[in-house]
Structure formats: C-alpha cells, structure tokens
1. Strictly over 22 Å apart at the Cα level, which of Lys145/Lys282; Lys39/Lys83; Lys145/Lys180; Lys5/Lys345 would you flag in this model?
2. Nearest 0.05, what FRET efficiency do Asp53 and Asn105 give at R0 = 35 Å with Cβ-Cβ as r?
3. If you take the square roots of the eigenvalues of the alpha-carbon gyration tensor of the stretch 70-124 and sort them as a ≥ b ≥ c, do you get rounded (a/c under 1.5), prolate (a/b over b/c) or oblate?
4. Starting from the Cα gyration tensor of the chain, multiply each eigenvalue by 5, take the square root, and state the resulting semi-axes largest first in whole Å.
5. Work out the FRET efficiency for Glu234 and Thr288 from their Cβ-Cβ distance, taking R0 = 35 Å, and round it to the nearest 0.05.
6. Excluding residues on the same chain fewer than 8 positions from Lys24, give the lysines whose Cα lies under 22 Å from its Cα.
7. Please give the length that would be gained between Arg142 and Asn175 if that part of the chain were fully extended, namely 0.36 nm times their separation in residues minus their C-alpha to C-alpha distance (nm, one decimal).
8. Between Ala17 and Asp329, what's the calculated FRET efficiency when r is the beta-carbon distance and R0 is 30 Å? Round to 0.05.
Amino acid sequence: MKAYKDMTKDELLTLKAALEEEYKTLEGQGLNLNMARGKPGFSQLAFSMPMLDVINSDSDMRTFLGNDTRNYGDLDGIGESRKLMADMMSVQKDNVIVCGNSSLNIMYDMVSRSMTHGVNGSTPWCKLDKVSFLCPVPGYDRHFKITEFFGIEMINIPLYDDGPDMDLVEKYVNNDASVKGIWCVPKYSNPTGISYSDEVVRRFANLKPAAEDFRIYWDNAYCIHHLYEDVQDEILNILEECEKAGNPDMVYLFASTSKISFPGSGISAIASSLNNIEHIMKQMSVQTIGHDKINQLRHSRFFKDINGLHEHMKLHANAIRPKFEAVLDTLEAELAGLEIGSWIKPRGGYFISFNSLPGCAKNIVAKCKALGVVLTGAGATFPYGKDPEDSNIRIAPTFPTAEEMRQAAAVFVLCVKLASVEKYLEQM
C-alpha cells in the first residue's frame, strides 16, 4: 500500500471520494457498539456466578481464626482475603489492607487524607502553596480526575515502551518538593498495554525525593490479566525494590478483583510498608468500623488461593483474546504501510492504544460516533482531557462480542483513513 503522505492531491481526492461512499453505506446500518470503557463482557461476568452460591443462610460465617464475618471487627480485612490479595500483589499478608469493592476508592481516600491530614505526620497538602503530581501519558483518566478534583497540578510525563521517561521523573521528584506523587499503571498499562522494565522499576525505587511525603501510586490493576499463557509480562516487585533502596515508605500499591469477579461487587486492597499501613489504619479507624467481610469471605472461599485466581483468569483470557485479535488483525490488514497510525500489541490488560496523525483523534472519534461506534473521548488519556497532539485514542475491546468488535474495528479503520485523508488535504 502507498503511504498517504506520498500521494498526490488528485490521488488523495480520489481516495477521499471512495472512502466517503463507504462511509455513507455504513451510515444506513444502524450500528450501536460501545467501546468507551473497559468493562467485562457478559461471558466474563458469568464465570463468577457460582461465587453467589458459596455462602447461604446455612453457611459457617466464621474465618479461619474464628471471627464472625457478620459482626464488627477485622478492620484490615479477614485473614483469608488479605492472604489472597497479598499473593496476587506479590507481597506479604501483613503489608495488606483489604477494603471495599473499588481500588479507585482507596486511591481517592489516600489523596484526600493527604490533603487534610498529611502523609504520616507531614504538613497537610491543603496548607501548602503548591502540590503537584506526575502523570505518565497516555494514562488512566480516572487517576487524573482524582488529582484534578483536589486542585492538584498535573504534570505530563511521556510514557515509552518500557515505562515513564525516568530522566524527567527523577528531575522533578529529586528537585521539586511540591511534587508529592506519581500515578503508575506498571503492568499492561492503561491504555498502552506496556509493562515497566526492570531498570525503570529500580529507578523508581532509588528516587531521592525532595519531598519527604512523596509517594508512588502503583496501581497494579492488571497484575494477573494476561492474554496469553505462553507470553506474559512480569515486573519487579516495587515494594521489595524500595526496601532494598532504603525507601520502604515511598510506595502505595493498589489492586482489586473488579475485572476478575464482579466490577461492582469485588474486593480491593492497598499494600505498603508496615509503617505506612499503621498510619493508614489509624485514619481508617475513624472512617469505618470495617468493610464487607461477608464479601471477602465469599471471594476467599470461591478462589481459595492464588492458583484459583490464575485458573479463573485463563477463562477471562480465552473470552477476550479473540476480541483483541479482531481489532489488531483489522488494524494490521487495513492500516499497515499507510503511515497514518501506530499501535502496540498488548500481552495483557484491557486496552489497545492507537495513535493517529496529529490533529486527527477528535475527528476520528466523532466520525465513529456518527456511525454508531462509541469510543472513549479523545483527550481522556491526558490530564484535563487535553491531548496536546490530539492523536491518542483508547480502544476498549472487552465488552462487545468478538463479531461486534470486528464490525467496530472495520468502522474505526475507515474513520482513521477518512480523517487522515482530510488532514493531508488541509495541509496542501
């Protein structure tokens, strides 16, 4: 295929007419496909339905230690669920607190407590003149919404194939005391699907923050969300690396079963140093007497251990892999060689990140929407919803069926082609 940039104006005009004719044909099909958010599909939710039968009115509701999950107690979570989540996060049980259904809720709480009461006795952020967070981009929009909500300045950090630009991270963290945190999705990153290299993890652990209350917000949302059995990403244990580097308190790890069991009814956890855990528990004891221990018990008895989690995730991989491949195969077949977009083939996670020609993302998303294919809004993967290049688009393949994804991918590549032709013609 001839690259669009090498076409003459007449060639582009001829191509544009053909693409517009194809676009008009699709307008009459009445498609209604939604790839806006990373939601598990119907079949994925069905995998966890037997969990609802694990506990009933005849069940023994006591934990291994004999605590009654129907009553008060176990502020840090029942032992079984702490062990399950600890193994999932590759940390020790004593370093884990199990909370409610949402790890995003824990992240919000950690930022909120830091604003009002400081980090482990430091000055509350609300009393400081300036508070900043580093934001690897493209990144997770809900992370950015939290810091934006609290009025925290967000600083873009380019995200490469092996992780964030660590030269820039070190420059900010080691020299600017207003920098209090960094958002990270280190494994199968949202939305690019990349995983941090060993060197990047070690450089994180060896940061020398100018601010004593600087923390790495390490969102391990996809730590066991592999797409393939034979090729899987593995990353270094950030908590262990921080301990080795003499920075044991510098990181908070987050995880949940939102995309393992039920998104609205899973369990979540935070892991950190024992010192951090002690401070978090003191603040939590004012906020709540305890989270849903019956749900924690349900999860523990259903999955049993880390092996049960891994076996369950193989079911998920088998369900969503054809959807990812439907998109990736279409991108490769229709766009390779045209030089109007780039993408990464992820080995896990929930997203495919597509980079269009600069200035085309919003146009592509709008054209798709007009044909009944809804994507995440262009710019959402950047702080304040502002992509400086207007090029990044997050594709979420998990919720539609594989056949629907093939249809949606066909619409998407058509819109990419049309928007790209329009862009080149504008520049002539």
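1. In this structure, Lys145/Lys282; Lys39/Lys83; Lys5/Lys345 exceed 22 Å between Cα atoms.
2. The calculated FRET efficiency here is 0.80.
3. Prolate shape, in that a/c is at least 1.5 and a/b is the bigger ratio.
4. Working through the eigenvalues yields semi-axes of 40, 27, 17 Å.
5. 0.50
6. Straight-distance partners of Lys24: Lys16, Lys362, Lys367, Lys369, Lys417, Lys423.
7. Roughly 9.2 nm would be gained on extension.
8. 0.65
The values are calculated or read from the model by the stated rules, or taken from the named source; none is laboratory data. In this text, all values refer to a predicted model and were calculated from it rather than measured experimentally. So basically every Cβ, Gly included, is an ideal-geometry build from the backbone, and we count neighbours across all protein chains shown. Protein only, heavy atoms only, side chains kept; ligands, DNA and RNA dropped before computing areas. Shrake-Rupley method; radii C 1.70, N 1.55, O 1.52, S 1.80 Å.
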